[in-house]
Amino acid sequence: MDFSARLLSWYEQNSRSLPWRESNDPYQIWISEVILQQTRIEQGKSYFYRFMEAFPDVNILAAASEDHVMRLWQGLGYYSRARHLHQSARYIVDHHRGRFPQTSAAWLKLKGVGHYTAAAIASIAFNEAVPALDGNALRILARLFAVNESIDSAKGKSVLYELALMVLPEDRPGDFNQAMMDFGSVVCKPVSPQCKACIFQSDCEALRKNAVQDYPVRKTKKPVKTRFFNYFFLYRQEAGEEMAFFVKRRTGNDIWRHMYEFPLLETAIETTTHELADHQAVKQLLNNNNTFNSVHRIKHRLTHQLIVARFFPVRLSRDEQDRLIGTYRCVNREAFEGMAKPRLIERFCNQFIEQYSTVNDKQ
Ligand code: SF4
C-alpha cells in the first residue's frame with residue numbers, strides 16, 4: 001500500500017489548524033512540542049499564546065527569570081519541562097549565539113528534548129527525514145502492522161521505528177509526522193477508532209484480525225503511589241492589616257521543584273491530628289505553642305501519584321511571625337499570586353484562603 005501518499009492526501013483535507021503550524025519557525029515549533037508533551041492541544045494552545053506573548057524569541061526567554069517562566073507554566077504540570085526549556089534557551093543563546101540546532105541529533109543534546117521532540121522539530125522546521133514517534137504514531141503503526149511487541153519496550157520501539165522509516169516520505173517528513181499526529185487523534189483514536197471510515201481499513205492487520213482493541217500491546221501500567229502531605233497555613237491577620245502567610249520554595253529531586261508551597265510535613269500514612277501535633281517537626285515549626293483544630297482536605301491526582309493533602313490553618317501572633325521570618329518567606333496574597341506554585345496550592349488558595357483574609361477572633 002502507498003501508505004504515505006494516502007496519509008498525506010488525508011492530511012491535506014483534514015489537517016487541524018493550530019497556531020504553531022502557521023510558520024516553520026523552530027522556536028515556535030520547539031515551544032509547542034514541549035508544551036504538548038503531556039498536555040492536550042486545547043489546553044496547550046492558551047499556554048502557547050501566553051508564552052509567545054511573554055517570550056516572543058529565544059533571547060527573551062533566555063533573559064527571563066526562572067520564576068517568570070515557571071509562573072507562566074503554572075497549571076500545566078510536569079514543571080521540569082519549563083525549567084529545561086529555560087535552561088536550553090540559555091544554552092542556545094550563550095553557546096550558539098541564539099542559532100537553533102538543525103538536526104534531530106543536535107536537538108537531542110538539549111535538556112528536555114527527547115527522541116520524539118527532536119525528530120518533530122527537525123522534520124517540521126528543517127525537513128530532516130526522521131520519524132517522530134509519539135503515542136499517536138506508535139498506535140497507528142502498531143495497529144496497521146499488528147505489532148506484538150510492547151510499545152513501552154526497547155524492542156517494540158525499535159520495530160516500530162523501522163516500520164516508520166519504511167513509510168516515511170523523504171520529501172515531506174514534517175507533513176508526514178504531523179499527519180500521523182492528526183490521524184491518531186481524529187481517526188485511529190485510543191478508544192473507539194473510526195475503522196469504518198478509515199483510509200487504511202483494507203490494509204490494517206489489527207482490523208483484519210478483528211483485534212483492534214488488543215493493539216498497541218503494552219506492559220503493565222506503573223502503579224499510582226499515594227502520598228500524604230500535611231501543609232501548615234501559617235498566617236497573620238490583625239484588624240487594619242493585610243493578611244500575611246508563610247511559604248517556602250521546594251528543593252530536592254521531587255515533584256514541583258523550585259515552586260512555592262506552605263510549610264509541609266509529608267507522612268507515610270494519614271495520621272490523626274493528635275499524632276501530627278505530637279510530631280517533632282510540627283512542634284518545632286509551631287514552637288509548641290499553637291494548636292490547630294480546623295483542616296481542609298484536597299485530593300490531587302498526578303499521572304503516577306495521588307496526593308492526599310490536608311491544610312492546617314494556624315493563626316500566628318506577632319512574635320510567632322517574627323520567629324519564622326528567615327526560615328520561611330512571608331508574603332501577602334498579591335505577592336503570592338505572582339509566584340510559581342503547584343496547582344494543588346492554587347486550589348487551596350481559590351477555595352479557602354478568602355476566609356482567613358478577614359479578622360475573625362474565633363479562628
Ligand atoms: Fe486504526 Fe482502525 Fe484504521 Fe486500523 S482500520 S488504522 S485500527 S482506524
Inset, instruction - Step through the residues of segment 203-216 one at a time and calculate ³J(HN,Hα) from phi using the Karplus curve (6.51 cos²θ - 1.76 cosθ + 1.60, θ = phi - 60°), rounding each to whole Hz and writing x for Gly and Pro. - result: 10, 7, 5, 5, 5, 4, 7, 6, 9, 4, 5, 8, 10, x
Inset, instruction - Name the most mobile residue of 261, 320, 128, meaning the one with the largest mean-square fluctuation, in a Gaussian network model of the chain with Cα contacts below 10 Å. - result: 320
Inset, instruction - Would you calculate, for the chain, the mean residue ellipticity at 222 nm contributed by helices, counting each DSSP H stretch of 4 or more residues as -39,500 (n - 2.57) and dividing by all residues, to the nearest 500? - result: -12500 deg cm²/dmol
Legend entry - Computed over segment 121-210, Kirkwood Rh from alpha-carbon pairs, angstrom: 13.4 Å
Inset, instruction - Measure of size requested: the Rg and Dmax of segment 312-358, with Cα atoms as the atom set and Å as the unit; please supply both. - result: 11.8, 31
Legend entry - Kirkwood-based shape ratio for the chain, expressed as Rg/Rh from alpha carbons: 1.07
Inset, instruction - Would you tally the net charge around residue 242, using a Cβ to Cβ cut-off of less than 11 Å, leaving residue 242 out, and scoring K and R as +1, D and E as -1? - result: -1
Inset, instruction - Report, ordered by chain and residue number, the lysines lying within cross-link reach of residue 283, taken as a straight Cα distance under 21 Å and ignoring same-chain residues fewer than 8 apart. - result: 248
Legend entry - For segment 88-102, Karplus couplings with θ = phi - 60° (6.51, -1.76, 1.60), whole Hz, Gly/Pro x: 5, 4, 5, 5, 4, 6, 6, 9, 10, 6, x, 8, 7, x, 10
Inset, instruction - Please give the contour-minus-distance gain from residue 317 to residue 50: 0.36 nm per residue of separation, less the Cα-Cα distance, rounded to one decimal in nm. - result: 92.1 nm
Legend entry - Using a Förster distance of 25 Å, the FRET efficiency for residue 166-residue 23 (Cβ separation, nearest 0.05): 0.25
Inset, instruction - Could you compute the FRET efficiency for residue 278 and residue 186, with r as their C-beta to C-beta distance and R0 at 56 Å, rounded to 0.05? - result: 0.50
Inset, instruction - Rounding to the nearest 20 debye, state how big the charge dipole of the chain is about its Cα centre with +1 on each Lys and Arg Cβ and -1 on each Asp and Glu Cβ. - result: 860 debye
Inset, instruction - Using 0.36 nm per residue of separation minus the Cα-Cα distance, give me the extension gain between residue 332 and residue 210 in nm, one decimal. - result: 37.9 nm
Inset, instruction - Calculate how steeply helix 41-54 sits against the longest principal axis of the alpha-carbon atoms of the chain, using the helix alpha-carbon long axis, and give the answer as 0 to 90 degrees to the nearest 10. - result: 70 degrees
Legend entry - Residue with peak Gaussian network fluctuation, the chain [Cα springs, cutoff 10 Å], from 340, 244, 211: 211
Inset, instruction - Provide the net charge surrounding residue 178, with neighbours chosen by a C-beta distance below 13 Å and charges set as Lys +1, Arg +1, Asp -1, Glu -1. - result: -3
Inset, instruction - Express as a percent, rounded to the nearest 5, the fraction of DSSP beta bridges in the chain (both residues included) that run antiparallel. - result: 60 percent
Legend entry - Cα-based reach from residue 196 at 21 Å (exclusive), listing lysines while leaving out same-chain residues under 8 positions away: 209
Legend entry - Cα-Cα over 32 Å, subset of 45/109; 111/157; 109/221: none
Legend entry - Inverse mean reciprocal Cα-Cα distance (Kirkwood Rh) of segment 4-102, Å: 14.5 Å
Legend entry - Paramagnetic reach from residue 249 in segment 309-346 [backbone N under 18 Å; point 7 Å along Cα→Cβ]: 325-332, 335-343
Legend entry - On Cα atoms only, tilt of 343-352 relative to the major axis of the chain in degrees: 50 degrees
Legend entry - Those aspartates and glutamates that a straight Cα-Cα span of less than 15 Å connects to residue 225, excepting residues fewer than 8 apart in one chain: 254, 266, 270
Inset, instruction - Go ahead and collect, in residue order, the members of segment 292-308 whose backbone nitrogen is under 18 Å from a label point 7 Å along the Cα-Cβ direction of residue 258. - result: none
Inset, instruction - Using only the Cα atoms of segment 259-344, build the gyration tensor, take square roots of its eigenvalues as a ≥ b ≥ c, and label the shape rounded, prolate or oblate: rounded if a/c is under 1.5, else prolate if a/b is larger than b/c, else oblate. - result: oblate
Legend entry - Under Karplus coefficients 6.51, -1.76 and 1.60, residue-wise ³J(HN,Hα) of segment 103-120 in Hz, glycine/proline x: 10, 5, 4, 6, 4, 4, 7, 7, 5, x, 10, x, 4, 4, 4, 4, 5, 4
Legend entry - Length released on extending from residue 154 to residue 5, taking residue separation times 0.36 nm less the Cα-Cα span: 50.8 nm
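Any read-out appearing in this document is the output of simple, stated calculations on the displayed coordinates, not a laboratory observation. It should be emphasised that the depicted structure is a prediction, and the values quoted were computed from it without experimental measurement. Here the Cβ is made from the backbone with ideal geometry for all residues, glycine too, and neighbour counts use every protein chain on show.
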